[in-house]
Amino acid sequence: MNGPRIVTREVDPRAAWALEQQGQHPLLARLFAGRGIRDAAALDDTLTQLLPPATMKGATDAARLLADAIEQGQRLCVVADYDCDGATACAVALRGLALLGAQAGQLRYVVPDRAVHGYGLTPAIVDLAIEQHQPDWLLTVDNGIASLTGVAHAQARGLKVLVTDHHLPAVVDGQPVVPPAEAVVNPNQPGCGFASKALAGVGVMFYVLLALRAERRTRGAFDAANQPRLDSLLDLVALGTVADVVRLDDNNRRLVAQGLKRIRRGQMQPGVAALFSAASRRPDRASAFDFGFALGPRINAAGRLSDMTLGIECLLTEDPGRATELAQQLDAINRERREVESGMREQAERLVEERMPQGTPPAAMVLFDAGFHEGVVGIVAGRLKDRLHRPTFVFARGQDGALKGSGRSIPGFHLRDALDLVSKREAGLLLRFGGHAMAAGCTLADEAAVVRFDAALRAIAAEWLPADALTRTITTDGPLPLEYFNAETVQRLDAAVWGQGFEAPLFCDQVQVVNQRLVGEKHLKLRVRHGGQLRDAIWFGHADPVDETVRLAYRLSLDEFQGQQRVQMVVEAAG
């Protein structure tokens, strides 16, 4: 396969100049302008700049219903999801409802077992909630928008349902259909004018709490001066938002920035502090990177290989000792997840080589092996997607015998829309499906169905993806001015909020390679001459040597060793 195409991001010089005139550092002004920022007001991360909750369809209705339930002593059961977004949303819901007046006896939660109950508000999870908690209300977080059958089943059994979600609704006869719950809060439901469609599930639940606080305030439960401080939940909101890889638009960046500021000041839930410790990360230097690559995976591992109750309990406990114990358990499960993933990746790589003997992968890649683990298919699909630059689905056999698949996509290929088209062209093939543009899942009956699915997905990819879309493109911020190659720049960049849709700075320079060697058997350690200076560089997960003169796309990081800080290049690509 050919290497990626490295391009330089276009920057409007007028926008960069305007940002600099408004007080932004010259380098940051250029970086922000390249990411569409035209005015420093978009960088204002104060909570007063958050979009108003009243503009989210269903939020006011949900607030009124929840206020009634709290006042009447009705029992509320949160139905969570088994990923980090769902776990943080569950913790935010339970902590927030308690802050706003719900009594401990009113609040319970259930979380599906990935292998047993399936995804979302299924009839099975409704029955489990009734069996364990006898609730009056079910409150979904990070799920429920496509649970038409589950909502109907809950109502048939005498429960009321409030759905909070951010996924796309189910499509019936070509039209999006919202379940007939007592209230539905989702910025992506039809008719919702909320300006940010990129909220994670935890962000939607946080907005419901903001609306509930306003409702309780109008009812005289408290006044503005003495109302509960919901910003105490922002460490959880920030963690779930980054871990779910939603686009960091202006509103999401504010939520994440505020959560990071609290953590850096030492203001966080005991479980979040314990997870930082388990991951050997420093809260006083917390970054979005820590959420996405250290804390998030440890919580997600519980839902993949064990029981997400561990993750939720870690985020709920007020006991630091208990939090430490749970965080260590999550860390151990994450290490096990890495081992399972490593074995699956090796087998997947072998299957890929069989599928592309000429070295060129098909327009989409679909893999199944009897030894694959259901809990790790999404991670492996993502790794293969990154390597192949193709929409990729990986399937494993679930406990019920059906094949559970998770897919990851590339720009220009909306994965959920592709699944919808597969369902139309191959009637009855998909038992269930759902998801987003870049990540989606589906269930198939058997191995014969995988063959049909493979052919259908490849056909759609061939239709939708032009040849140039099948070459990975890495967008960089161009050369880094030499005066900014220092620790102060790294610290300045690390203090900002970067993530999906607001990518972290990636620079590109031509260097002379002085020497190169493998470390840890799979990482390329480089010593390069850049701008007349010798620099350290490392390319994680890359073992092949590079040319003596090479163009590197790299990020900056601080390498600390024996109390000394050195700036190094973390290589992403070479061309």
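A few points about this structure:
- Separation between Cα centres of the range 72-128 and the range 248-266, rounded to whole Å: 25 Å
- ³J(HN,Hα), Karplus 6.51/-1.76/1.60, whole Hz, each residue of the range 355-371, x for Gly, Pro: 7, 9, x, 8, x, 10, x, x, 5, 9, 10, 10, 10, 9, 8, 4, x
- Share antiparallel - DSSP beta bridges, the range 115-230, percent rounded to 5: 25 percent
- Relative protection proxy for 417-423, 14-20, from highest mean packing down: 417-423, 14-20 (other beta-carbon atoms within 10 angstrom).
- Within the same chain, aspartates and glutamates fewer than 8 places from LYS404 are excluded, and of the rest, those with a Cα less than 17 Å from its Cα are ASP81, ASP83, ASP113, GLU341, ASP369, GLU374, ASP420, ASP446, GLU447, ASP454.
- Take every DSSP beta bridge whose two residues both sit in the chain; close to 65 percent of them are antiparallel.
- Taken one residue at a time, the phi angles of the range 286-296 give Karplus couplings (6.51, -1.76, 1.60, θ = phi - 60°) of 4, 9, 4, 4, 4, 4, x, 10, 10, 6, x Hz. Gly and Pro are set to x.
- Scaled against 2.2 N^0.38 Å for its residue count N, the alpha carbon radius of gyration of the chain is 0.98.
- Relative compactness, the range 356-470, computed as alpha-carbon Rg over 2.2 N^0.38 Å: 0.96
- The slack between LEU558 and SER232, meaning 0.36 nm per residue of separation minus the straight C-alpha distance, is 114.3 nm.
- A Förster radius of 30 Å combined with the Cβ-Cβ distance from GLU353 to VAL116 puts the calculated FRET efficiency at roughly 0.30.
- Per-residue [θ]222 nm for the chain (sum of -39500 (n - 2.57) over DSSP H runs n ≥ 4, rounded to 500): -12500 deg cm²/dmol
- The range 6-38 versus the range 485-547: alpha-carbon centroid distance in Å: 22 Å
- Check: the chain dipole with +1 on Lys, Arg Cβ and -1 on Asp, Glu Cβ, in debye: 660 debye
- Fraction of beta bridges assigned by DSSP in the range 47-333 that are antiparallel (%, nearest 5): 15 percent
- By average C-beta atoms within 10 angstrom, highest first, the peptides 101-107, 185-191: 185-191, 101-107
- Cα shape, the range 136-204, gyration tensor, a/c 1.5 rule: oblate
- For the range 47-333, the gyration tensor built on C-alpha atoms gives a rounded shape. Its axis ratio a/c (a ≥ b ≥ c) stays under 1.5.
- The distance between label points at ALA459 and ALA41 comes to 5.1 nm (points 7 Å beyond Cα on the Cα→Cβ vector).
- With a Förster radius of 60 Å applied to the beta-carbon distance between ARG517 and ALA104, the computed FRET efficiency rounds to 0.55.
- Distance (nanometres) between label positions extended 7 Å along Cα→Cβ at THR475 and GLN399: 4.3 nm
- Chain lengthening between GLN132 and GLN533 when straightened (0.36 nm per residue, less Cα-Cα): 137.8 nm
- Distances between placed amide hydrogens fall under 5 Å for THR8 paired with THR476, all partners being 5 or more residues away or on another chain.
- Label point distance in nm, ARG64-GLU447, each placed 7 Å from Cα along Cα→Cβ: 5.7 nm
- Of all lysines in the structure, those lying under 28 Å Cα to Cα from LYS261, and not within fewer than 8 positions of it along the same chain, are LYS197.
- All other residues whose Cβ lies under 12 angstrom from that of LEU139 are scored, Lys and Arg at +1 and Asp and Glu at -1, for a net of -1.
- Using the Karplus relation 6.51 cos²θ - 1.76 cosθ + 1.60 with θ = phi - 60°, the per-residue 3J(HN,Hα) values for the range 62-72 come to 4, 4, 5, 5, 5, 4, 4, 5, 5, 5, 8 Hz, with x marking Gly and Pro.
Quick note: the coordinates plus some simple rules give every number you see, no bench work behind them. Predicted, not measured: the structure shown is a model, and the values here were computed from it. Don't worry about glycine lacking a Cβ; one is built from the backbone with ideal geometry, like all the others, and counts go over all protein chains shown.
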